[in-house]
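Report on the following structure.
Derivation of every value follows stated rules applied to the coordinates shown; laboratory data play no part. Please read these numbers as outputs of a predicted model, since none were measured by experiment. Every residue, glycine as well, gets a Cβ built from its backbone with ideal geometry; the counts of neighbours run over all protein chains shown.
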């Protein structure tokens, strides 16, 4: 894919919304002798962990995601300012599961909303985990830990029962790399 970023110019932006989790800016863009506006959601990037318990199961959280209700997803969370994605992955994994990965390997990065959102998701895989604490939820987090057979997860993705993009990307990338 050709990178056109070098010829793309953002002349200025105007913030139209500034919230807790996102801000929205209108950018004036110049590209290939054309000028136009783009509405861009600025959102913190996140890290996620596809973790195996040593028995063929993965650790998922069943989390309430308004307005969709409860969904199954791999543990994840947003990066703090200047936080390394790997450090974030470990911190969030411990907070949401009470487990710590002994081995953590980078799996894939992706942009879930390319074209209108700045968020980047950093996915990791953990093969060796140990229980280190109880789950530490934030005030507005509602989740339970679920262990599930990896092949069952893949079937739930194909059947449409798993709808979370980071879970789908991480699981399918891992399955493809291992020829599952």
Sorted by Cβ neighbour density within 10 Å, fewest at the top, the residues 36, 93: 36, 93
Of 59, 104, 137, which is the most mobile in a GNM of the chain whose springs link Cα atoms less than 10 angstrom apart? 137
As I understand it, the value is the acute angle between the Cα axis of helix 150-159 and the longest principal axis of the Cα atoms of the chain; what does it come to in degrees, rounded to 10? 50 degrees
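Have a look at the DSSP beta bridges in the chain and tell me what percent are antiparallel, nearest 5. Before the final figure, lay out each step's value.
Values: 44 of 51 bridges.
Here the share of antiparallel DSSP bridges comes out near 85 percent.
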Burial ordering of 81, 44, fewest other beta-carbon atoms within 10 Å first: 81, 44
What's the FRET efficiency of residue 87 with residue 32 using the Cβ-Cβ distance as r and R₀ = 30 Å, to the nearest 0.05? 0.15
Work the Kirkwood hydrodynamic radius out for segment 31-180: mean of 1/r over every pair of different alpha-carbon atoms, inverted, in Å. 16.1 Å
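How much FRET efficiency would the formula 1/(1 + (r/R0)^6) give for residue 17 and residue 144, where r is the Cβ-Cβ distance and R0 is 35 Å, rounded to 0.05?
Values: r = 33 Å, r/R0 = 0.93.
According to the calculation, E is roughly 0.60.
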Running Debye on segment 15-81 with equal point scatterers at the Cα sites and no solvent, what base-10 log of I(q)/I(0) appears at q = 0.26 Å⁻¹? -1.13
Relative contact order (percent, whole number), segment 93-137, Cα cutoff 8 Å, 6+ residue spacing: 53 percent
For residue 131 and residue 57, extending 7 Å from Cα along the Cα-Cβ vector and measuring point to point gives, in nm, a value of 1.1 nm
Arrange the following residues from fewest to most other Cβ atoms within 10 Å of their Cβ: 144, 118. 144, 118
Please find, in a Gaussian network model of the chain (springs between Cα atoms separated by less than 10 Å), the residue of 106, 68, 122 whose mean-square fluctuation is greatest. 68
